[in-house]
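The values are calculated or read from the model by the stated rules, or taken from the named source; none is laboratory data. Predicted model, so just to flag it, every value in this text is computed and none were measured. Cβ sites come from the backbone with ideal geometry, for glycine too, and all protein chains shown count toward neighbours. When the accessible area is computed, the model is the full protein with side chains, heavy atoms only, and any ligands, DNA or RNA have been set aside. Shrake-Rupley method; radii C 1.70, N 1.55, O 1.52, S 1.80 Å.
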Amino acid sequence: MPAREAAALIRDGMVIGASGFTRSGDSKAVLPALAQIAESERIRITLMTGASLGQGTDGALATAGAIAMRLPFQSDPVMRTIINQGGLPYIDENLSETAAHIRNGFLPPIDIAIIEAASIDADGSIVPTTSVGNSAIFVQQAKSVIVEINQAVPVEIRGIHDVFLPEDPTGRAILPITEVWQRIGQDVIACDPEKIAAIVFTNQKDSPAETTSDNAAADAIASHLLHFFEQEIAVGRLTRSLRPIQAGIGKIADAVLSGLAQGDFEHLTMYSEVLQDSTFRLIDSGKMDFASGSSVTLSDDCYQRVFADFEHYRHKILLRPQDITNAAEVIQRLGIIAINTALECDIYGNVNSSHISGSHIVNGIGGSADFAQNSYLSIFVTESVAKAGRISRIVPMVTHVDHSEHDVDVIVTEQGLADLRGMSPRQKAQAILRHCVHPDYHDVLSDYFERACRRGGHTPHALEEAFRLHTNLAETGSMKGRVLMDAAE
């Protein structure tokens, strides 16, 4: 049926579970049609997805007033503004948790699932497109299902998915993944054909990943991290194959992964959430043997190249549900090297990855905590300054804690790398100040630390001064607006 007719099946107050993970495999017809309907009719839904949607869909729905609650992740600038204005309730949660929260009844029951598919079988089995995300749990739990068959995705994509639904917690069996390439599920999402309420045809590619021009800071961060890996190899803690890699999205992670193609590494593997351009560059270079994720999010050029020669990649990638890619037991068992991005870090190694100045959400925590808490190595990368140096990303105390110092092993900026393993809080502060801080902020942060230490404490702070950089920013537009601490105690 037409998209608008399918969207009309959605009623005010319903809970909708929609496919989509970091712009890929998302609803490209029904949800946009719902936004149009909501412009003239009162329709407010709870919308759950895997992660962010593309096509500006979140923004259109938010502008139309169609969202009563959104979770677990979004990255739309229009929706972000409405959330930060207090006009849209948003649940930012670890991406591993949503499926369990649905299964355990912590979240309201799903009325309709909207799933993008490459094809559908006569028995109702759905072949996903470029993401799996939370699609399997949505189909299992929903009362009815709307399928969007996207003819822009070749049906030959079938076979790269590994769909597995964990059992209920009591007596749950282990997830038998001991190698990144192991299959434990099916290549389709099972669905009772009686639940399928509509099939809508589309022909539209995913929103492309954003590409960035050359970035000297990102390249410097990559260089520091690659040197660190070489040192770990030299002392025998890593081999030339490293360990399975997880990397967040963005220019810095992309630079790090691309740098691996130039280094003396071999037989690399990936167990991550999003497979990006750099993943396929590593495969093309012969450095990476296999990559497992929950979605494929590519630039236009890379998308064309991958799908033009898809047979070359089909046996080198797997897409799984996000509660499998982000499962603590699998991350621990495989010994993942996790590389994620920080908005700001403090001098003791606590990391804020989601909120500006403690209050304003950017995107969300995503899956970074799933990996940081359970990985073999938890690495956070960030540029040392932002906004032409007006903001230091290393601060006395982070304004919002997503990752505590206990889950952070390494912090890297373009200035250098601080290996925090086996250090006390004061030792961590000294390492971060020595290696990671921009020169413009080194003296003021060092002065803060020295004064705080004179007051004593295991983790020394001067609470009345801890957020002075942030208040400078709010009052003057720059963290350089005032001297960090007064001359007297």
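Some values worked out for this structure:
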read-out	value
Pair list, Cβ under 9 Å, 6 or more apart: segment 398-419 residue under 9 Å from ALA372 (Cβ atoms), other residue among the small types (Gly, Ala, Ser) and surrounded by fewer than 23 Cβ atoms within 10 Å (Cβ to Cβ)	ASP402/SER354
Residue within segment 217-231 that is of a type in the set (Phe, Trp, Tyr), closer than 30 Å to VAL127 by Cβ and in contact (Cβ under 8 Å) with a residue 24 or more places away in the chain present	no
Top-ranked residue of segment 441-478 - restricted to ones that are among the β-branched types (Val, Ile, Thr) and surrounded by fewer than 18 Cβ atoms within 10 Å (Cβ to Cβ), ranked as farthest from ASN350 (Cα to Cα)	THR476
Residues located in segment 91-107, provided they are under 24 Å from ALA62 (Cα atoms) and open to solvent by less than 40 Å² (accessible area, probe 1.4 Å)	GLU93, ASN94, LEU95, THR98, ALA99, ILE102, LEU107
Strands (runs of 3 or more DSSP E) enclosed by segment 270-379 - at least 3 residues per element that are more than 30 Å from GLU475 (Cβ to Cβ) and touching a His at 6+ places or on another chain (Cβ under 9 Å)	288-293
Single residue of ARG80, ARG11 found to be of a type outside the set (Asp, Glu), assigned to a loop (DSSP other than H, G, I, E, B) and open to solvent by 10 Å² or more (accessible area, probe 1.4 Å)	ARG11
Criterion (among the small types (Gly, Ala, Ser), closer than 17 Å to HIS360 by Cβ and more than 20 Å from the chain's Cα centre (by Cα)) met by exactly one of GLY86, GLY59, GLY13, GLY65	GLY86
Pair list, Cβ under 6 Å, 6 or more apart: segment 243-264 residue farther than 22 Å from GLY366 by Cα, other residue among the hydroxyl-bearing types (Ser, Thr, Tyr) and open to solvent by less than 20 Å² (accessible area, probe 1.4 Å)	SER258/SER278
Residue match in segment 393-406 (condition: within 18 Å of HIS470 (Cα to Cα) and in a strand (DSSP E or B))	yes
Candidates SER135, SER119 - the one that is of a type in the set (Ser, Thr, Tyr) and over 19 Å from ARG70 (Cα atoms)	SER119
